[in-house]
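Okay, so here's the structure we're looking at.
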Amino acid sequence: MKDCGLKVDWKVIDAPSTFFDLSKRMHNALQGKEDSLSDEDKRLFESVEEENARFIEPDEYDIVVIHDPQPVGLPAFADFGNCKLVWRSHIDTSSPNQTFWNYLNLFLSHYDAGIFTLKSYAKDGILIDKIYEIPPSIDPLSNKNRELSDAEMEQALKKLGIGKEEPVITQVSRFDPWKDPMGVVDAYRQLKRKFVDLKLLLIGSMASDDPEGWKIYEDLLRYVGMDYDVKVLSNFQGIGDIEVNAAQRVSKVVIQKSLREGFALTMSEAMWKKTPVVGGNVGGIPLQVHHGVNGYLVESVEETVECTRRILENPSLAEEMGAKGFEIVKKDFLITRHLYQYLQLFADLTE
């Protein structure tokens, strides 16, 4: 956006660890998890919004885009002047926990527009008049997606603990119950009976203050047990964007077996590298994965096994799917399309 001549800043709210715990619960509840919202929860949430509102200067910007539930309440406490307010949701809120949704929706009445990955994520009765559908995108020039040199690839694969010619399947995602990492392990175990040399990479990014993520990570390690052909890796082991890039390039199949999903950009990342994909038939994954064309959409461990097996057994099919996936991303999921849609939205709001 700055390259287009816009003045753009990025700001982050400050909050105690208790707020992080609450916002994680909100994130899960807004995707349908059962939970209850107490008066104490509301007081904590609103106190953080009010505290951060002190740093807002009225009319500093023409447009402010506020991302996700954590800072959604800022407009209720801050004076933004005459600027236009946009809420950007990155999750599937089509079937939320109603208590949490009703609370969130009270704050949405302050916004001029809302952005969702799919318009269907905007639940009936939402208190925002203008709804825009803008899927995420990848930056093809970033370390996660650019071409790697032979030396970079060799070093990355060494850190991943795999060889370039080994049969590998990979899932890249947060350690989160909605990503169903145990289900991926179950699928791998069935595939291993036929493909005895098969290896599985489970790569995630960990935050030191994410207790749920650490619990899933520890549970996953116990679930994997002593199978040294399964590697559970994260940024805490020095796995970064270049290693993820290499893993997605060398994998025979990249899986995203989500049970609920906002978009799953890892599908487009793998497709850009001409790797066939198998993804859960949920959320934004069907936007990217055209069943039987560039990969498969699945709804169970058994379907994951069958579709992954089909690709592993047929290299020509894998190559064809990889090529088609690349073209889909090139057309629909690069940052150039994303930028164009944002500029269109800004023009709509300021005309």
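The values are calculated or read from the model by the stated rules, or taken from the named source; none is laboratory data. These numbers come from a predicted model, not from an experiment. We place every Cβ from the backbone using ideal geometry, glycine too, and count neighbours over all the protein chains shown.
Quick check on my filter: what residues within segment 317-348 are under 12 Å from ASN294 (Cβ atoms), among the aliphatic types (A, V, I, L, M) and crowded, with 18+ Cβ neighbours inside 10 Å?
Within segment 317-348, ALA318, MET321, ILE328, VAL329 meet the criteria.
When LYS274 is evaluated against the numbered criteria (1) of a type in the set (D, E, K, R); (2) in a loop (DSSP other than H, G, I, E, B); (3) surrounded by 23 or more Cβ atoms within 10 Å (Cβ to Cβ), which criterion, by number, is the only one it fails?
Condition (3) is where LYS274 drops out.
For segment 309-351, which positions are of a type in the set (D, E, K, R), over 17 Å from GLY279 (Cα atoms) and either in contact with a strand residue (DSSP E or B) (Cβ under 6 Å, 6 or more places away or on another chain) or in a helix (DSSP H, G or I) (or both)?
Within segment 309-351, GLU313, GLU319, GLU320, GLU327, LYS330, LYS331, ASP332, ARG337, ASP348 qualify.
Hey, does segment 50-63 have a residue that's of a type outside the set (Lys, Arg), over 14 Å from SER23 (Cβ atoms) and crowded, with 20+ Cβ neighbours inside 10 Å?
Checked segment 50-63: no residue is of a type outside the set (Lys, Arg), over 14 Å from SER23 (Cβ atoms) and crowded, with 20+ Cβ neighbours inside 10 Å.
Inspect segment 286-301 for any residue being among the small types (Gly, Ala, Ser), out of contact with any Ser or Thr (no Cβ under 8 Å at 6 or more places or on another chain), on the phi > 0 side of the Ramachandran plot and not in a strand (DSSP E or B) and give the result as yes or no.
Within segment 286-301, one or more residues are among the small types (Gly, Ala, Ser), out of contact with any Ser or Thr (no Cβ under 8 Å at 6 or more places or on another chain), on the phi > 0 side of the Ramachandran plot and not in a strand (DSSP E or B).
All but one of (1) surrounded by fewer than 16 Cβ atoms within 10 Å (Cβ to Cβ); (2) modelled with pLDDT of 95 or more; (3) of a type in the set (Asp, Glu) hold for GLU351, so report the exception by its number.
Evaluating GLU351 over (1) surrounded by fewer than 16 Cβ atoms within 10 Å (Cβ to Cβ); (2) modelled with pLDDT of 95 or more; (3) of a type in the set (Asp, Glu) leaves (2) as the failure.
Quick one: count up the residues across segment 31-50 that are closer than 15 Å to ASN97 by Cα and of a type in the set (A, V, I, L, M, F, W, C).
1
Mind checking whether some residue in segment 310-322 is among the hydrophobic types (A, V, I, L, M, F, W, C) and within 23 Å of GLN31 (Cα to Cα)?
Narrowing segment 310-322 to residues among the hydrophobic types (A, V, I, L, M, F, W, C): 311-312, 317-318, 321.
Next cut, within 23 Å of GLN31 (Cα to Cα) only: none.
Within segment 310-322, none of the residues are among the hydrophobic types (A, V, I, L, M, F, W, C) and within 23 Å of GLN31 (Cα to Cα).
Among the residues of segment 70-103, how many are outside any loop (DSSP other than H, G, I, E, B) and either in contact (Cβ under 8 Å) with a residue 24 or more places away in the chain or of a type in the set (A, V, I, L, M, F, W, C) (or both)?
Within segment 70-103, residues that are outside any loop (DSSP other than H, G, I, E, B) and either in contact (Cβ under 8 Å) with a residue 24 or more places away in the chain or of a type in the set (A, V, I, L, M, F, W, C) (or both) number 13.
Against the definition (at pLDDT 95 or above, surrounded by 19 or more Cβ atoms within 10 Å (Cβ to Cβ) and either in contact with a Phe, Trp or Tyr (Cβ under 8 Å, 6 or more places away or on another chain) or assigned by TED's automatic domain parsing to the domain that holds ILE131 (or both)), how does LEU74 come out, yes or no?
The answer is yes for LEU74.
If the requirement is being closer than 22 Å to GLU133 by Cα and touching a strand residue (DSSP E or B) at 6+ places or on another chain (Cβ under 7 Å), which of these qualifies: ILE66, ILE91?
ILE66
If only one of ASP92, ASP35, ASP112 is within 23 Å of the chain's Cα centre (by Cα), of a type in the set (D, E, K, R) and at pLDDT 95 or above, which one is it?
Going through ASP92, ASP35, ASP112 in turn, the sole match is ASP35.
If the Cβ limit is 6 Å and pairs must be 6+ apart or interchain, which residue in segment 111-123 that is crowded, with 19+ Cβ neighbours inside 10 Å pairs with which residue that is of a type in the set (Val, Ile, Thr)?
From residues that are crowded, with 19+ Cβ neighbours inside 10 Å, the pairs are TYR111/ILE128; ALA113/VAL86; GLY114/ILE128; GLY114/ILE131; ILE115/ILE134; TYR121/THR93; ALA122/ILE131.
Please identify the pairs in which a residue from segment 280-300 that is farther than 24 Å from SER89 by Cα and among the acidic types (Asp, Glu) has its Cβ atom under 8 Å from the Cβ atom of a residue that is at pLDDT 95 or above and surrounded by fewer than 24 Cβ atoms within 10 Å (Cβ to Cβ), counting only partners at least 6 apart or on another chain.
If the second residue must be at pLDDT 95 or above and surrounded by fewer than 24 Cβ atoms within 10 Å (Cβ to Cβ), the pairs left are GLU299/ASN281.
Among the residues that make up segment 173-182, is at least one of them outside any helix (DSSP H, G or I), closer than 15 Å to ALA246 by Cβ, in the same structural domain as ILE311 (by TED's automatic domain parsing) and touching a strand residue (DSSP E or B) at 6+ places or on another chain (Cβ under 9 Å)?
So far as segment 173-182 goes, no, none of its residues is outside any helix (DSSP H, G or I), closer than 15 Å to ALA246 by Cβ, in the same structural domain as ILE311 (by TED's automatic domain parsing) and touching a strand residue (DSSP E or B) at 6+ places or on another chain (Cβ under 9 Å).
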